[in-house]
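What follows is one structure encoded as structure tokens, with my remarks underneath.
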Amino acid sequence: MIEGNTTILLENGKVEVLKGEAEVFGCRGKYFEAPRGKILPVYFPEDSEARIEGNYIAVNGSTIPKSWEKFVENDWSRIFLYGAVDTGKSSFCVFVSHRLGIDFVLDADIGQADISHPGSMALGRRKEDAYLLSMFQLISCEFVGSISPMNREARCLRAFKKLVERAGEKLIIDTTGWIHGKRAVEYKLAKVEIANPEVIVCFSDPPREFSDYEVFRAESFVLKKRDREMRAYIRGKAYEKWFENAREIEVSVDDVKLYFTSLFSGERVEDDVLLSFGDVIYAERSGSSLNIYSESFDIGGEGLKALKEYYNVVEVNVVSPKDFENVLVGLYSDEYLCPGLIKEVNFEERKIKILASTSEKPKRIEFGEFKIENGREVFVRLP
């Protein structure tokens, strides 16, 4: 390999450097592998010998954008990234982390999470041999239960604030590609105000609300854009990884705190009025809502209105117990443990069976807003 040139390694390709050294996004090493969905620019800063497996493209010079090289000429400490989907933000994180010696990255991209799993945010620490953001060491994680911040801004901002508070002053913050519309701008601005970055690196046109901050315009750098199917595949592989050593655990709801659900939070309701509409496995009045868990509750609009008046509630929810199966939840002890999948809710014994990769009994369970079936997200609405 000639000094100063690049070999673009296509997905599933491998490079082993036999003599000399190579670099991917600022990470020096002798072995690089491009997983499915990734294409890696392997740069050779010196004449080298290498063994390559799979498809590749030889390119003269470096493919790293000039704006990226210019950015690392300054000794930035706290960096916030802003840009649309597939603009190179994650790769930029890795490049800047190595070149400026910034050890911590906050991965707030809940849809395409690299450091943790989809539906969560995480704080990661750089490793010397990490040429992908997914190779950073997981330090701290917060479950948000959604792969998009839209309509879940408050929950996401709470998680984001906790992770920012745990990080040091030197930090790179990666974010989602949700940037269009007034709510998206308000959401990003709230994150900026929480993080108080030294500079905002924009891969897309910055909103005028960023005018009070130092803004650096960076070129997008994506060798191949990922379509929706590829993004879903990558998320599916991430779930697979987190559940590869999973086993079923059973928890009593009287021994844990349940968050972001009204399940088992109210007074049980048992009377013939409900039974006149069908079989009722469990029913409870929680605040201004009546939640009915049944497989055969036959009721129309007038019946719902009557139940609201009879029980003096604003909302009546009829839910099949099967709707809980495979719902993604976050398990916590004092810190985040791992994601889990609900397998069964035992209403009579007030117990929940969960598939999870932990032997530790959780103290808190946070409910997500989707279930995982065949590696794909299926969104559900649970009270």
statement: Here the averaged projected area of the chain, based on the convex hull of its alpha-carbon atoms and given in nm², is 21.2
- request: Beyond 23 Å between alpha-carbons counts as too far, so tell me which of Lys38/Lys89; Lys162/Lys257; Lys162/Lys343; Lys170/Lys191; Lys89/Lys191; Lys19/Lys237 fall in that bin.
  value: Lys162/Lys343; Lys19/Lys237
message: From the Cα trace of region 1-110, what convex hull volume per residue do you get, rounded to a whole Å³?
response: 112
- request: Would you tally the net charge around Lys371, using a Cβ to Cβ cut-off of less than 12 Å, leaving Lys371 out, and scoring K and R as +1, D and E as -1?
  value: -1
statement: Under the Karplus relation with 6.51, -1.76 and 1.60 and θ = phi - 60°, whole-Hz ³J(HN,Hα) for region 338-345, x at Gly and Pro, equal 4, x, x, 10, 5, 9, 7, 10
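Under the √(5λ) rule applied to the eigenvalues of the Cα gyration tensor, what semi-axes describe the equivalent ellipsoid of region 327-383? Give them in Å, descending.
On the way: eigenvalues 66, 45, 23 Å².
Value: 18, 15, 11 Å, ordered largest first.
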Interchain or long-range residues, amide H under 5 Å from Phe370's placed H: Leu328, Val380
task: Largest first and in whole Å, give the semi-axes of region 175-333's equivalent ellipsoid, each being the square root of 5 times a Cα gyration tensor eigenvalue.
output: 45, 23, 17
- prompt: Probe 1.4 Å, all protein chains in place: accessible area of Asp254 in Å², nearest 10?
  reply: 100
Rg and Dmax of region 70-124, Cα atoms only, in Å: 11.5, 35
query: Over the chain, what is the mean sequence separation of C-alpha contacts under 8 Å (at least six apart), divided by residue count, expressed as relative contact order in percent?
result: 14
query: What ranking, highest mean first, results for peptides 268-274, 204-210, 133-139, 106-112 when packing means the other Cβ atoms within 10 Å averaged over each residue?
result: 106-112, 133-139, 204-210, 268-274
- prompt: Mind checking the log10 I(q)/I(0) for region 306-353 at q = 0.13, 0.14, 0.20, 0.25 Å⁻¹? Debye, one equal scatterer per Cα, no solvent, two decimals.
  reply: -0.50, -0.56, -0.81, -0.92
- prompt: Can you list the aspartates and glutamates whose alpha carbon sits under 15 Å from that of Lys371, skipping same-chain ones fewer than 8 residues off?
  reply: Glu240, Asp323, Glu325, Glu344
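Quick one: which of 90-98, 184-192, 259-267 comes out on top by average Cβ neighbours within 10 Å, and what's the full order, highest first?
So the order, starting with the most tightly packed, is 90-98, 184-192, 259-267.
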query: What per residue convex hull volume, in Å³, comes out for region 201-294 when only alpha-carbon positions are used?
result: 299
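The values are calculated or read from the model by the stated rules, or taken from the named source; none is laboratory data. Nothing here was measured: the structure is a model prediction, and the numbers come from that model. Cβ coordinates were reconstructed from backbone atoms using ideal geometry, including for glycine residues, and neighbour counts include every protein chain displayed. Just so you know, the surface numbers come from the protein's heavy atoms only, side chains and all, with ligands and any DNA or RNA stripped out. Shrake-Rupley method; radii C 1.70, N 1.55, O 1.52, S 1.80 Å.
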